[in-house]
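Enquirer: Take this structure, written in structure tokens, and hold onto it; I'll ask about it next.
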Amino acid sequence: MYIKHLSLAHFRNYETAEVELKPGVNLLVGPNGQGKTNLVEAIRYLSTLSSHRVAGYVPMIRQEQPQAVVRALASFDDRDMLIELELNRTTPNKARVNKSPAARVRDILGYVNSVTFAPEDLDIVKRDPSNRRAFIDELVVQVWPRFAGVYSDYERVLKQRNTLLKTARQTGAKGSALSTLDAWDQSLISYGSEIIAARLDLVERLRPHLFEAYQSIAIANNEPKILVRSSLLGSAIVQSDEDAENLEFITITDRQEIEELYRSKLTLVRPKELERGITLVGPHRDDLVLMLGTLPAKGYASHGESWSYALALRLASIALLRAETRSGDPILILDDVFAELDAGRRERLAAMVANNEQVLITAAVAEDVPQQLIATVFRVASGQVTNG
Ligand SMILES: Nc1ncnc2c1ncn2[C@@H]1O[C@H](COP(=O)(O)OP(=O)(O)OP(=O)(O)O)[C@@H](O)[C@H]1O
Ligand SMILES: [Mg+2]
């Protein structure tokens, strides 16, 4: 699929913008701070309801405005669809598909698929587990949009269970509090196991694509492989993301078995949870280990290898979405990456992405972008987009 037309109103530094995008490569050029990333962020947000820059959405609403609007006319094989999103500072956000209001904002997930690669992605390889969970979870939702509901149910149960644990800690764990806790455990186990099983399934599906993408971008004979560490296993009680390295690897994919492990680990950690007032077991505690050959990339891979790994994760995501969803090629967004790549990797990346149905590239100067990717060019200056 590709986006034919993008409209922005009061989004970040844009007052309004009307951009006629083309299939193939669209290059956005302009000096720093002009609105290049803001524009691709709008598309990314419409596609995943998450940003590569902020956790919430309020920073995306233009300063001193109550509301931002992002509207995209997306072209699929056989039809066009208009996807609209309204971000409101004080009232709930709203979405429309072909002008009909969506019951929930998350109902727009699955229409516009996109994969973004940006320098921040190095964090997936190098930094704490939350970055890797965000990577895999965003992909799970893109492949199976109904998981947006499962994640939000899990978050809700987790929050309520944590509140209950805190209350129980203050009042002393008594009978009634403990039986309420048992009831929440059921929901936690059910949603949490679904998430764990989905992550494992996805990691398995991603494996061949990751292998291929890494070989193509790094031209190194080194095998990337993702392993999943789980708080469900063993007797170690992991109290924060800092000691995620003590977790064991999980390979079990059977839902029933995962649920049983979950239940027995919850029993084991119950005293600790009551003492701390937080939930210590579940997908919110788990981690992915990005292996390169026999060593984890985090802490061992060189800077260049880490870059190749991060890029390979995104290219593999593209290949997976192409294979597993009905909307064909997702839109590939390359935000400010060419300036950071050496000549060899620039050329290899260009060769790999040139045929994607639509690619959006941002760069401060066009010279950083390989010649073969220079097709449709837009100039971006103080929140204005012009053909150039
Ligand atoms: N909510 C907002 N309201 C108004 N302006 C905003 C808002 N959020 C961000 N901006 C402005 O947008 C500009 C940043 O735009 P953007 O990140 O798109 O730059 P860029 O063109 O990608 O630059 P670079 O080449 O440095 O990456 C900043 O000047 C920032 O102050
Ligand atoms: Mg930028």
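Bear in mind these aren't lab numbers, they're just calculated from the coordinates by the rules spelled out. None of these values were measured; they are calculated from a predicted model. Quick reminder, even Gly has a Cβ in these numbers, built from the backbone with ideal geometry, and neighbours come from all protein chains shown.
Enquirer: Normalise the Cα radius of gyration of the range 147-291 by 2.2 N^0.38 Å (N = residues in it) and let me know the number.
Expert: Taking N as the residue count of the range 147-291, the ratio is 1.19.
Enquirer: Provide the per-residue ³J(HN,Hα) series for the range 198-204, in order, calculated from phi with Karplus coefficients 6.51, -1.76, 1.60 and θ = phi - 60°, each as a whole number of Hz, with x at glycine and proline positions.
Expert: 5, 4, 5, 4, 5, 4, 5
Enquirer: Something else now. If you add up the charges near Val380, with Lys and Arg at +1 and Asp and Glu at -1, over every other residue whose beta carbon is less than 13 angstrom from its beta carbon, what do you get?
Expert: Around Val380, the surrounding residues sum to 0.
Enquirer: Given contacts defined as C-alpha pairs under 8 Å and at least six residues apart, what's the relative contact order of the chain, whole-number percent?
Expert: 26 percent
Enquirer: Report the FRET efficiency, 1/(1 + (r/R0)^6), for Ser235 and Asp368, where r is their Cβ-Cβ distance and R0 is 56 Å, rounded to 0.05.
Expert: Rounded to the nearest 0.05, the efficiency is 0.60.
Enquirer: What residues have an amide H closer than 5 Å to that of Asn113, excluding those fewer than 5 places away on the same chain, when H is modeled at 1.01 Å from N in the peptide plane?
Expert: Distant-sequence amide H within range of Asn113: Ile331.
Enquirer: Moving to a separate point now. Work out the count of Lys pairs in the chain where the Cα-Cα distance is under 28 Å, with the pair 8 or more places apart or on different chains.
Expert: Lysine pairs meeting the criterion: 24.
Enquirer: Oh, and also: Which angle between 0 and 90 degrees, to the nearest 10, do you get for helix 147-171 versus the longest principal axis of the chain when only C-alpha atoms count?
Expert: Here the helix axis deviates by roughly 40 degrees.
Enquirer: Give the order of Asp368, Asp342 when sorted by the count of other beta carbons within 10 angstrom, beginning with the fewest.
Expert: The fewest-first ordering by Cβ neighbours comes to Asp342, Asp368.
Enquirer: I would also like to ask the following. Please identify every one of the chymotrypsin sites (Phe, Trp or Tyr not before Pro) in the range 63-137 that sits in a loop by DSSP and has no more than 16 other beta carbons within 10 Å of its own beta carbon.
Expert: Those that pass, being in a loop and sparsely packed, are Phe76.
Enquirer: Here is a follow-up. Take Lys94, Lys298 and order them by how many other Cβ atoms sit within 10 Å, fewest up front.
Expert: The most exposed by this proxy come first: Lys94, Lys298.
Enquirer: Considering just Cα atoms, how many Å³ per residue does the convex hull of the chain enclose?
Expert: Per-residue hull volume (Cα only) is 146 Å³.
Enquirer: To continue, here is another question. Take Leu295 and Arg169, extend 7 Å from each Cα along the Cα→Cβ direction, and tell me the distance between the two endpoints in nm.
Expert: With each label point 7 Å from Cα toward Cβ, the separation is 3.9 nm.
Enquirer: Okay, next question. Report the chymotrypsin sites (Phe, Trp or Tyr not before Pro) located in the range 300-388 that are in a DSSP loop and have at most 14 other Cβ atoms inside 10 Å of their Cβ, or state none.
Expert: Hits after loop and neighbour filter: Tyr300.
Enquirer: What are the residues whose amide H is under 5 Å from the amide H of Ala375, where those residues sit 5 or more places off or on another chain and H is modelled from the backbone?
Expert: Those lying under 5 Å, H to H, from Ala375 are Leu27.
Enquirer: Neighbour counts of other C-beta atoms within 10 Å: give me His5, His209 arranged from fewest to most.
Expert: If I rank by nearby Cβ atoms, fewest first, I get His5, His209.
Enquirer: Gap in Å between the Cα centre of the range 112-174 and the Cα centre of the range 1-57?
Expert: Cα centres, the range 1-57 to the range 112-174: 25 Å.
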